[in-house]
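The values are calculated or read from the model by the stated rules, or taken from the named source; none is laboratory data. Keep in mind that this is a model prediction, so the values were computed, not measured. Backbone-built Cβ (ideal geometry, glycine too); neighbour counts: all protein chains shown.
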């Protein structure tokens with residue numbers, strides 16, 4: 001036994017995961033094959049809204065290599081309806097969601113038929129030979145028009161395009177005052193409408209699924225974030241008993257919420273494999289992925305913030321329209337609700353009201369995308385705080401500080417009733433200002449403004465918080481979510497002293513194998529190298545709720561820690577027996593039980609071997625140290641941070657260049673600083689991309705015009721700046737590890753920092769908003785006497801497509 | 001059509017369809033699944049390999065075009081159990097998360113360093129413009145490429161692929 005002396009937690013360990021990935025020894029789902037494998041290709045609707053009058057597959061079936069062509073009608077019963085696990089209100093309207101459309105298509109890209117062939121190319125070739133007769137229906141693209149009286153309906157049977165109205169009111173909840181009173185009495189009122197454009201998660205690995213029905217269990221390999229949820233949902237959707245299904249998520253190439261789904265293709269692959277008794281595989285093209293994998297964001301936010309003339313905020317009213325797209329997928333309706341408790345952010349609002357109307361349109365369904373609800377909320381409040389500062393003629397950081405929860409006020413119960421355990425907004429902000437040279441840049445800004453420089457400097461602030469660690473099960477219950485928020489883990493002591501850790505939190509790039517090994521190495525006193533972390537296969541990790549919502553460390557690793565505690569407790573009984581002492585006389589440290597005040601000791605490795613032999617155990621003691629635990633968090637955790645962005649805006653071209661980006665995040669205790677920094681960088685990249693580059697644009701017929709990576713602008717290395725990152729460390733008190741979660745922080749915080757900077761650069765031209773993404777065209781238009789909100793909402797050619805230019809904001 | 005091609009040091013002769021892309025040949029015909037496909041418009045660069053020493057997006061080359069050529073993929077970089085310095089640098093600098101873009105990113109980085117043995121940050125960013133990563137925000141990739149450049153001085157090329165860098169295969173957990 002090598003006792004680890006320096007703690008592993010906090011150490012900048014290089015990742016265990018890397019070796020396979022950098023040498024190409026990977027197991028992406030599309031890499032896998034089994035004997036007799038058949039291939040699937042999906043025919044997708046080119047129309048956004050149409051009745052299916054007929055599908056003629058006769059010609060396709062006759063093509064070489066084609067085994068079968070299956071339509072929605074063929075499997076209408078077997079495919080069931082895709083699950084939605086989050087009925088946010090008792091009267092929520094949810095249409096049936098067939099995996100293959102049966103009578104009607106409701107978005108362009110919806111699957112209508114599937115070809116099964118001996119090779120992928122033969123399957124794709126056959127798609128062209130399928131003849132579908134569509135009768136077009138009116139498209140529903142604009143949310144405001146969709147909820148107006150007499151609107152064309154996406155699902156006529158529902159009688160409305162409104163899926164649900166969800167309200168939180170602090171006066172009704174008893175957690176604060178009445179917002180209408182605050183508005184009536186307001187000395188300052190800031191009213192704005194912001195648009196969260198539609199985004200596409202655009203994980204790098206296209207989705208892929210392989211189903212082998214030939215074993216005792218039907219095995220599905222899928223590029224999914226949620227193997228455990230998928231298994232249960234496949235059972236409930238197709239009627240196949242749960243214990244007859246095994247789901248494996250092998251190497252998964254990114255998710256960002258985009259693979260938190262039960263997809264039509266997974267269900268169809270399972271049904272087809274069962275029907276044919278043969279293994280089948282489907283791998284999507286990038287174009288298929290962009291049009292048919294779920295999208296994210298897409299809200300219209302009508303906001304009213306009230307304050308006293310001295311800058312003290314008095315109320316916040318939020319009215320949202322949230323685009324569901326054509327169907328409710330796994331957690332679609334709940335995504336905007338995850339933002340409901342975050343609009344108030346770190347500020348002491350005495351009155352708050354949130355009302356969200358979920359709306360159907362004939363577009364690709366939306367669902368979770370990195371941050372899920374919280375980036376939208378953070379954007380709104382951080383933009384509003386800058387607008388309040390501008391209205392009052394004050395520094396935006398000063399106005400924030402006047403209103404935020406002071407360090408000596410924690411724990412603090414917010415106007416939403418959430419208890420924030422810890423936070424130190426002062427420290428993070430002070431450090432960020434120092435790294436940024438805030439005062440120096442403000443001075444330069446004044447100088448350049450006075451000089452009339454054609455390139456103007458803008459400075460943007462975002463002091464964010466988020467709720468992480470999804471989630472206390474009772475809270476999810478109170479929000480009508482269909483499951484709990486616990487996580488499961490097991491720790492297995494092998495006879496040789498090596499350790500296997502099983503986690504229900506299935507990683508896809510986050511570095512769980514490395515981080516969990518560090519935690520267990522410290523806890524059990526074993527070398528980092530002696531820990532193997534197993535996940536992502538329901539036969540190995542039989543129980544779990546998977547990876548999303550920055551929950552893995554705060555919930556998943558906590559479960560590991562709890563299982564480890566049980567291992568030590570079991571070992572203690574045996575150690576006392578072997579050392580012939582009372583259990584209370586033993587101390588455990590560095591992997592060893594020592595009799596207090598003596599040299600007598602035995603190591604966990606020796607105990608593991610003794611347990612394996614089981615020759616000499618105390619009476620009634622089971623010969624195993626292996627333990628499992630299911631951990632349900634008591635509260636959320638609340639990471640926070642201060643992000644500062646400086647942009648140069650060329651007022652002659654509208655081009656925005658990020659000159660400096662500083663963020664100081666407080667994510668509590670850090671297990672591995674390298675992994676943390678990587679998560680922050682990646683999060684920032686996606687938040688910046690929303691601010692400046694990315695938008696899913698539809699034309700007037702509902703066709704996605706940003707359907708390739710040439711049009712949907714995932715930023716390249718040239719498009720992104722260097723990030724200066726630092727941390728303050730205020731441990732969370734809601735979990736033993738003191739961790740808060742970091743997966744979404746960068747994405748949530750950065751978008752408003754960038755847009756605030758862009759608006760700040762051109763505010764003296766009378767600009768007070770520029771819609772995202774802040775393309776050169778939009779910025780130039782805003783500067784050059786266009787409407788001050790650079791386009792407004794829903795008044796554009798093409799029926800208000802959620803874009804200022806129907807040709808595509810991405811241009 | 002019949003082609004003969006050397007991939008990662010092994011020579012293969014195969015019948016291929018005239019329309020088959022190099023990346024499909026690599027993955028499906030000879031099982032080199034370390035090279036991956038990330039898009040269908042040649043924007044992402046995940047499928048980048050070396051064709052006779054030059055980087056190429058293998059989704060943009062037909063299999064028949066490589067008849068008589070030498071291909072190196074990410075699977076052929078490590079020699080005698082030692083990582084290529086660029087592979088090592090990606091590990092050392094945490095330049096990957098999910099790892100899907102990594103094969104293409106590494107192959108393009110090697111090509112970049114062969115042309116410019118000491119690129120500054122801007123040159124690295126421009127040299128990798130055709131390779132998309134969704135996880136890292138590129139900062140650690142830039143750091144890795146510059147670190148590799150430093151370690152490979154006086155320059156990249158076949159010699160650098162064969163030698164030096166002492167921590168052999170020193171990936172954590174081994």
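Being within 14 Å of chain B (Cβ to nearest Cβ), touching a residue at least 40 places away in the same chain (Cβ under 8 Å) and touching a strand residue (DSSP E or B) at 6+ places or on another chain (Cβ under 6 Å) narrows it down to one residue among A:283, A:314, A:304, A:224; which is it?
Values: A:314 fails: within 14 Å of chain B (Cβ to nearest Cβ); A:304 fails: within 14 Å of chain B (Cβ to nearest Cβ); A:224 fails: touching a strand residue (DSSP E or B) at 6+ places or on another chain (Cβ under 6 Å).
Testing whether each residue is within 14 Å of chain B (Cβ to nearest Cβ), touching a residue at least 40 places away in the same chain (Cβ under 8 Å) and touching a strand residue (DSSP E or B) at 6+ places or on another chain (Cβ under 6 Å) leaves just A:283.
Selection of region A:251-274 for residues being in contact with a strand residue (DSSP E or B) (Cβ under 8 Å, 6 or more places away or on another chain) and either in a helix (DSSP H, G or I) or closer than 21 Å to residue A:108 by Cβ (or both) yields A:258, A:263, A:264, A:265, A:266, A:268, A:269, A:270, A:272, A:273, A:274.
The residues of region A:212-250 that are assigned to a strand (DSSP E or B) and touching a helix residue (DSSP H, G or I) at 6+ places or on another chain (Cβ under 8 Å), listed by number, are A:212, A:218, A:220, A:221, A:222, A:245, A:246, A:247, A:248.
Taking region B:1-16 as the search range and keeping residues that are within 18 Å of the chain's Cα centre (by Cα) and within 23 Å of residue A:120 (Cβ to Cβ), which one is farthest from the other protein chains (Cβ to nearest Cβ)? Residue satisfying both the conditions and the ranking: B:5. Restricting the search to region A:712-737, which residues are surrounded by 19 or more Cβ atoms within 10 Å (Cβ to Cβ) and either within 14 Å of chain B (Cβ to nearest Cβ) or farther than 30 Å from residue A:562 by Cα (or both)? Across region A:712-737, the qualifying residues are A:712, A:713, A:714, A:715, A:716, A:717, A:720, A:721, A:723, A:725.
If the condition is being over 29 Å from residue A:406 (Cα atoms), touching a strand residue (DSSP E or B) at 6+ places or on another chain (Cβ under 6 Å) and part of a loop (DSSP other than H, G, I, E, B), then region A:450-499 contributes only A:486.
Mind listing just one residue for me: the one in region B:17-26 that is over 10 Å from residue B:59 (Cα atoms) and surrounded by fewer than 21 Cβ atoms within 10 Å (Cβ to Cβ) and, of those, farthest from the other protein chains (Cβ to nearest Cβ)? So, considering only residues that are over 10 Å from residue B:59 (Cα atoms) and surrounded by fewer than 21 Cβ atoms within 10 Å (Cβ to Cβ), the one farthest from the other protein chains (Cβ to nearest Cβ) is B:18. Summed over region A:692-703, residues that are within 24 Å of the chain's Cα centre (by Cα) and either closer than 30 Å to residue A:634 by Cα or away from chain B (no Cβ under 14 Å) (or both) total 4.
Kindly indicate whether any position in region A:607-625 is more than 14 Å from residue A:573 (Cβ to Cβ) and in a strand (DSSP E or B). No, there is no match, as no residue in region A:607-625 is more than 14 Å from residue A:573 (Cβ to Cβ) and in a strand (DSSP E or B). Comparison of A:192, A:246 shows that the only residue that is under 30 Å from residue A:770 (Cα atoms), surrounded by fewer than 24 Cβ atoms within 10 Å (Cβ to Cβ), more than 14 Å from chain B (Cβ to nearest Cβ) and more than 24 Å from the chain's Cα centre (by Cα) is A:192.
Within region A:103-136, the residues that satisfy the criterion of being part of a loop (DSSP other than H, G, I, E, B), touching a helix residue (DSSP H, G or I) at 6+ places or on another chain (Cβ under 9 Å) and either within 20 Å of residue A:707 (Cβ to Cβ) or outside the structural domain of residue A:64 (by TED's automatic domain parsing) (or both) are A:107, A:108, A:109, A:110, A:128. Among the helices (runs of 4 or more DSSP H) confined to region B:41-127, the ones with at least 2 residues that are buried (at least 23 other Cβ atoms within 10 Å of the Cβ) and within 13 Å of another protein chain (Cβ to nearest Cβ) are located at B:85-92, B:102-115.
Of the residues A:311, A:277, A:315, which single one is surrounded by fewer than 21 Cβ atoms within 10 Å (Cβ to Cβ) and touching a helix residue (DSSP H, G or I) at 6+ places or on another chain (Cβ under 6 Å)? Reasoning before the result, please.
Values: A:277 fails: touching a helix residue (DSSP H, G or I) at 6+ places or on another chain (Cβ under 6 Å); A:315 fails: surrounded by fewer than 21 Cβ atoms within 10 Å (Cβ to Cβ).
From the options A:311, A:277, A:315, the qualifying one is A:311.
None of A:680, A:670 is outside the structural domain of residue A:493 (by TED's automatic domain parsing) and either out of contact with any helix residue (DSSP H, G or I) (no Cβ under 7 Å at 6 or more places or on another chain) or not in a helix (DSSP H, G or I) (or both) except A:670. Is at least one residue of region A:383-390 in a strand (DSSP E or B) and modelled with pLDDT of 95 or more? Checked region A:383-390: no residue is in a strand (DSSP E or B) and modelled with pLDDT of 95 or more. The number of residues in region A:738-754 that are within 12 Å of chain B (Cβ to nearest Cβ) and either in a helix (DSSP H, G or I) or more than 18 Å from residue A:256 (Cβ to Cβ) (or both) comes to 3.
Filter region A:579-599 down to residues that are in contact with a strand residue (DSSP E or B) (Cβ under 7 Å, 6 or more places away or on another chain) and closer than 25 Å to residue A:530 by Cα and give me whichever is surrounded by the fewest Cβ atoms within 10 Å (Cβ to Cβ). Once the filter is applied, the top-ranked residue is A:587.
Could you check how many residues of region A:79-94 are farther than 20 Å from residue A:156 by Cα and either in contact with a helix residue (DSSP H, G or I) (Cβ under 6 Å, 6 or more places away or on another chain) or modelled with pLDDT under 95 (or both)? Here the count works out to 5. On inspection, residue A:518 does not qualify as within 14 Å of chain B (Cβ to nearest Cβ) and in a loop (DSSP other than H, G, I, E, B).
Suppose the filter is touching a residue at least 24 places away in the same chain (Cβ under 8 Å), more than 14 Å from chain B (Cβ to nearest Cβ) and assigned to a helix (DSSP H, G or I); does residue A:523 pass it?
Values: touching a residue at least 24 places away in the same chain (Cβ under 8 Å): yes; more than 14 Å from chain B (Cβ to nearest Cβ): yes; assigned to a helix (DSSP H, G or I): yes.
Yes, satisfied.
For the criterion of being over 23 Å from the mean Cα position of the chain (by Cα), over 26 Å from residue B:124 (Cα atoms) and crowded, with 21+ Cβ neighbours inside 10 Å, residue A:748 fails. A count restricted to region A:694-737 and to residues that are out of contact with any strand residue (DSSP E or B) (no Cβ under 9 Å at 6 or more places or on another chain), within 28 Å of residue A:438 (Cβ to Cβ) and not in a helix (DSSP H, G or I) stands at 1. Every test in (1) at pLDDT 95 or above; (2) under 27 Å from residue A:553 (Cβ atoms); (3) more than 10 Å from chain B (Cβ to nearest Cβ) is passed by residue A:680 save one, and that test is (3).
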